[in-house]
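Structure, as structure tokens:
The values are calculated or read from the model by the stated rules, or taken from the named source; none is laboratory data. This structure is a prediction, so every number in the text was calculated from the model and none was measured. Neighbour counts are summed over all protein chains in view; Cβ atoms, including those assigned to glycine, are modelled from backbone coordinates with ideal geometry.
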Amino acid sequence: MSAYNNSKPGAVIVVGGGLAGLAAATYLARAGWTTTLYEKAHTTGGRALTNVIGDFRFNMGPHALYCSGPAEQILRELGVSYSGKKPKIKAEVFYQGEVYTPQGGFTPLFNPRWLGLRDFPGLIKFLARLFTVNPAKLAHLSVEEWLNQTKLSEAARQTLYALDRVATYTNAPELQSADTFVIQLKHVLKTGVRYLDGGWQTLVNNLRQAALDAGVKIVAGKRVAEVVGDGRVEGVRLVSGEFIPAVAVVLAAEPQEAAQLVDNTALKTWAKAVQPARAACLDIALKELPYPDRTFVPGIDVPLYYSVHSAYAKLGPAGTTVLHVAKYLRPDETTVAKDDERELEAFMDKVQPGWRDEVLEKRFLPHMTVINAFPRADQGGLAGRFGPTVPGFANLYLAGDWVGPEGLLLDSVLSSARRAARLINDPATQPQEIEVQRGKQPVGSL
């Protein structure tokens, strides 16, 4: 029995059981809507699932919770608990095929081997001024265009491109909007990130429980075939043919899937135009780390990443190691999976010589989608993203990492979910209204 009062005169359907769908459904049920969530897979969680392999917990590639973003606030609102530590950035870097350690008092990521004495002060001054920059003014500039306007040296810009890849998981500086880089880098410099005990499955489990406690009905293993309605939501039809009436629908799905479910030109056009940020990921569990103090190594001149997540989160038996290495793929890049895997293994040979003798478990994900649609300068950056409302289709809303004007990664996932729920709860905040149909048989019902 839910502790919340389902007093709203109508039903709302959420399509998709990832973190966006679970959050939206929880907000809606707590507000009094009779809420049903449909997930096509047999379990909720989506890309936030953590796989248990042997004695170890592997996220689907490297995951980090940005500590000063809206996601933390929303998780608190929803009563979702988690634990884990913030990594201490004792970074060494990978440059021209070798690992370099900061020398002579230089801060992590900056090393005189590629940053000369004239390069370093300019870079420090740039980072110090970052907190005075208004990201919104950079929405129509790409990261590359913005950095080319500065007087920074090529070596300094190369270092910033490396920081951009780490902070945004995106390897497209000529396309990516500069506002996202500024926002994410501010988060990193201000409060850092957190690795989660038990992996991100902790968020999935606790958010799912919050949804159930609020009275959400979760239906897993059933696929929605279409949203029914002629310019206004009437309900959804399942693949089985069953029609489920609803006064509003939230699509918490990837853009291409959402576009297939709705007869809406604007959404279909947007889904064709966006580009995902992807990565090739090698997840490894070791008996022992050959170089235990080496916990974080980004590539400066190559789009590679290495981080030991078990140094700050409980992901396996005491004394063992869980780490992630990744290659940030370009959006237009077609790579051979085996070649990427060999490249990541060769990278590990440089970062942790002798690691192959310590392997307990290993998994390779060749084309992991990190962000369904990274914000682009030619699309207006964060403010130019689609949704949560869908033009020309009343009472239909979107949620996900590609939706709405706020945040990146989990910040956008949860912000768009909350925003969609608020629009349903308070239709006065938007031009269209929620129409609760009392005693009317929806058009197209069976």
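Just so you know, in the range 340-377 the residues that are out of contact with any strand residue (DSSP E or B) (no Cβ under 8 Å at 6 or more places or on another chain) and part of a helix (DSSP H, G or I) include one that is surrounded by the fewest Cβ atoms within 10 Å (Cβ to Cβ), and it is 357.
Out of 40, 8, one residue alone is modelled with pLDDT under 95, among the basic types (Lys, Arg) and touching a strand residue (DSSP E or B) at 6+ places or on another chain (Cβ under 9 Å). It is 8.
Here's the yes/no breakdown for (1) crowded, with 23+ Cβ neighbours inside 10 Å; (2) of a type outside the set (S, T, N, Q); (3) touching a Cys at 6+ places or on another chain (Cβ under 8 Å):
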residue	(1), (2), (3)
155	no, yes, no
161	no, yes, no
170	yes, no, no
221	no, yes, no
238	no, yes, no
248	yes, yes, no
252	yes, yes, no
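For every residue, the table says whether it meets (1) at pLDDT 85 or above; (2) outside the structural domain of residue 294 (by TED's automatic domain parsing); (3) within 27 Å of residue 347 (Cα to Cα); (4) exposed (fewer than 13 other Cβ atoms within 10 Å of the Cβ).
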{"site": "99", "(1), (2), (3), (4)": "yes, yes, yes, no"}
{"site": "128", "(1), (2), (3), (4)": "yes, yes, no, yes"}
{"site": "139", "(1), (2), (3), (4)": "yes, yes, no, no"}
{"site": "146", "(1), (2), (3), (4)": "yes, yes, no, no"}
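Considering only residues in the range 270-293 that are in contact with a Leu (Cβ under 9 Å, 6 or more places away or on another chain) and part of a loop (DSSP other than H, G, I, E, B), the one that is nearest to residue 318 (Cα to Cα) turns out to be 287. Candidates 66, 27: the one that is surrounded by 23 or more Cβ atoms within 10 Å (Cβ to Cβ), aromatic (Phe, Trp, Tyr) and touching a His at 6+ places or on another chain (Cβ under 8 Å) is 66. Only one of the numbered conditions (1) of a type in the set (Ser, Thr, Tyr); (2) touching a residue at least 40 places away in the same chain (Cβ under 8 Å); (3) over 25 Å from residue 178 (Cα atoms) is violated by residue 321, and that is (2). Going through (1) closer than 23 Å to residue 366 by Cα; (2) touching a residue at least 24 places away in the same chain (Cβ under 8 Å) one by one, residue 308 falls short only on (2).
Of the residues making up the range 148-193, those that are under 18 Å from residue 122 (Cβ atoms), β-branched (Val, Ile, Thr) and under 16 Å from the mean Cα position of the chain (by Cα) number 0.
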